[in-house]
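To start, the structure under review is shown below, and the notes come after it.
The values are calculated or read from the model by the stated rules, or taken from the named source; none is laboratory data. The structure presented is a predicted model; accordingly, all values stated were derived computationally and were not measured. Accessible surface areas use protein heavy atoms only, side chains included; no ligands, DNA or RNA. Shrake-Rupley method; radii C 1.70, N 1.55, O 1.52, S 1.80 Å.
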Amino acid sequence: MAPSILRAPALLAAVQESYSMNAPLLSAPRVEPFFFDADPGTRFSLYHAPAPHIPARGAILYVHPFAEELNWCRRMAALQSRRFAALGYAVLQIDLFGCGDSCGDFNAARWELWQRDLATARAWLAERSPGPMHLWGIRLGALLALDAARSSAVDGLILWQPVLNGRSAINQFLRQRLPTETGPQSSAALRARLATHGQIEINGYELVAPLARAIDACDAASMQLPACTIDWFASHGGAPARLSAEAARLGARWGQHGVQVRLHPIDGLPFWQGSVAECPALLAATDAVFGSLLP
């Protein structure tokens with residue numbers, strides 16, 4: 001059953017105004033912010049309708065990154081969503097439970113709840129766009145998208161700078177606290193504290209043990225994915241051979257089940273770290289791939 005929708009007319013007007021201020025030569029596709037009912041509460045979403053003047057190409061569901069990276073990546077996600085829509089894709093951006101403008105506190109978020117959010121959002125999007133379905137994940141959102149694809153087949157996955165091992169992701173997140181620590185200076189010590197107290201605060205985000213354990217258990221290399229195409233975009237960070245080797249290793253493993261991995265290395269800025277807002281090379285590379293696909 002489709003979720004009921006609570007529209008946000010004031011926010012819609014503001015978003016439409018911002019689009020008109022930055023409109024390309026062709027009229028900008030329509031964008032609609034709204035909340036839909038979920039269990040529990042509501043989720044904030046942005047729907048980018050495909051451009052009406054070209055053939056529809058399918059649907060793309062955005063899976064945002066973890067914690068503060070969600071905010072650091074908002075501009076890039078908005079820019080690319082608009083570009084996808086201009087190419088003929090219907091795009092849905094959703095703030096998962098406990099994240100962004102959706103209901104709930106971060107410490108109440110759970111991996112399996114985020115999976116349910118994606119399933120609900122995907123059903124909503126599929127009703128409006130019957131064509132090919134893609135999941136588009138950034139950073140840890142890429143791992144969440146891969147995990148979601150295991151149980152609900154998709155036509156394609158778009159991975160931006162993916163974090164492919166959950167335990168490494170949690171270690172990186174914990175290390176953000178180390179510069180302010182006065183006690184033991186290691187992620188292992190912080191993990192011990194998390195295990196003892198059941199939660200730990202990192203830069204304003206209260207990470208709880210159940211969520212950390214679920215993320216720890218996710219490893220892309222151990223996932224069996226259904227047949228689909230994976231477009232993997234990543235900055236090589238000065239080590240293109242290492243990136244190519246990792247993609248080849250995972251491609252060989254997933255390829256046994258009909259998965260095709262296409263690596264698109266770029267030399268781009270780390271927009272997910274908060275120091276820069278845009279990565280033009282990534283936008284251009286993504287447009288080149290998805291603008292060339294036949295509707």
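Here are the numbers for the structure shown:
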{"quantity": "The chain, relative contact order in percent, only Cα pairs under 8 angstrom and at least six apart counted", "calculated": "16 percent"}
{"quantity": "Rounded to 10°, Cα long-axis angle of helix 9-21 versus longest principal axis of the chain", "calculated": "70 degrees"}
{"quantity": "Tilt relative to the chain, helix 280-290 - C-alpha long axis, 0 to 90 degrees, to 10", "calculated": "60 degrees"}
{"quantity": "Inter-part distance where the stretch 68-91 and the stretch 236-262 are each reduced to a Cα centre, Å", "calculated": "25 Å"}
{"quantity": "Between 0 and 90°, nearest 10: helix 140-151 axis offset from the chain longest Cα axis", "calculated": "70 degrees"}
{"quantity": "For residue 102, distant residues with modelled amide H under 5 Å away", "calculated": "44"}
{"quantity": "Calculated [θ] (222 nm, deg cm²/dmol) that DSSP helices of n ≥ 4 give over the chain, each run adding -39,500 (n - 2.57)", "calculated": "-12000 deg cm²/dmol"}
{"quantity": "Accessible area in square angstrom per residue, the chain, 1.4 angstrom probe", "calculated": "44 Å²"}
{"quantity": "Most mobile of 208, 276, 31 in a GNM of the chain (Cα contacts under 10 Å)", "calculated": "276"}
{"quantity": "Apportionment of accessible area to carbon and sulfur, the stretch 60-179, percent (1.4 Å)", "calculated": "47 percent"}
{"quantity": "Which label in [x] 1, 5, 11, 16, 18, 18, 14, 9, 5, 2, 1, 0, 0; [y] 1, 5, 9, 13, 16, 16, 14, 10, 7, 5, 3, 1, 0, 0; [z] 1, 5, 9, 11, 11, 8, 7, 6, 6, 5, 5, 4, 5, 5, 5, 4, 3, 1, 0, 0 gives the computed P(r) over Cα pairs in 5 Å bins from 0, in percent", "calculated": "[x]"}
{"quantity": "Beta bridge orientation in the chain: antiparallel %, DSSP, nearest 5", "calculated": "40 percent"}
{"quantity": "For the stretch 188-232 versus the stretch 132-150, the gap between their alpha-carbon centres in whole angstrom", "calculated": "15 Å"}
{"quantity": "Contact order relative to length of the stretch 51-185, as percent, for alpha carbon pairs under 8 angstrom and 6 or more apart", "calculated": "27 percent"}
